[in-house]
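Okay, so here's the structure we're looking at.
Each reported figure results from applying straightforward, stated rules to the coordinates on display, with no laboratory input. Computed from a prediction, not measured in an experiment: that's the story for all the values here. Glycine also receives a Cβ, built like all others from the backbone with ideal geometry; neighbour counts cover every protein chain displayed.
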Amino acid sequence: MGGGCLRRRLCLGGTRTLPFVRRFTPREVEAATKGFTAVLEAGGPRGTATAYRARFAGGLVATVRRAAGSREGDSSSSKAAFYLELQLLARLNHRHVVRLRGFAEGHHARFLVFDHMENRSLKECLHDPLRTPLDWRTRLQVAIDIAAALEYLYYFCDPPVFHVSVNSGNVLMDSNFVAKLSDVTVISHDIKLATTESFQG
């Protein structure tokens, strides 16, 4: 795996495991984000940072997102929501879905580590006046990429994964302008509703 991240199985709740997810320490996350100064997004309460650009030892460049409810401390409900989100995200494996690389958990904060999307969102690519406009071939390919992601989520995941709000803000672009879908919602018979918050990569 790139960036020196070893694939390992994560044990949750004593019996549940997650394949291919790395557990980072809070200290590793702090160092990788330069003390949480490499802010990508500040959409939390009172403008607090929610996402950071990170470079981990070994060279992995990633987006670190503060998990929803992580400021609530170690309450059982916030832990359960975090572990559920991990389980849902860890099983997604598709070229056009933003990949979960790992997580970190401390006493007062929990973080999710995703692949970094160098060209950020499709929204920015389309509307930022300082960017070179996307040509129509690239725009068509973005539509094809996201259609492939939605097909995978609905037809090849068990239980099916529903993305209830596809928009230009949650379509992210890597360094080669390959489109990847973020902000995934999962609905099944035993899981009422679980969602990942918006992040930029």
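Worth a mention:
- Taking Ser175, Ser121 and counting other C-beta atoms within 10 Å, the order from fewest to most: Ser175, Ser121
- Alpha-carbon centroid distance for the pair region 81-123 / region 48-68, whole angstrom: 10
- Residue-wise HN-Hα couplings along region 163-176, as the Karplus relation 6.51 cos²θ - 1.76 cosθ + 1.60 with θ = phi - 60° gives them from phi, are 9, 8, 8, 6, 8, 5, x, 10, 9, 9, 10, 7, 5, 9 Hz; Gly and Pro carry x.
- Spacing of the modelled spin labels on Ala38 and Val61, each 7 Å from Cα toward Cβ, amounts to 0.9 nm.
- You can think of it this way: the chain between Arg23 and Asn176 has 52.3 nm of extra reach, that is 0.36 nm per residue less the Cα-Cα gap.
- Residue exposure sequence - Leu130, Leu84 - by fewest surrounding Cβ within 10 Å: Leu130, Leu84
- Label-to-label distance, Ala143 versus Arg131, with points set 7 angstrom from Cα along the beta-carbon direction: 1.8 nm.
- Cβ crowding within 10 Å, taken as a proxy for footprinting-reagent exposure, orders Leu126, Leu140, Leu100, Leu134 from fewest neighbours to most as Leu140, Leu126, Leu134, Leu100.
- Nonlocal amide H pairs with Arg22, under 5 Å, H built at 1.01 Å: Gly102, Phe103
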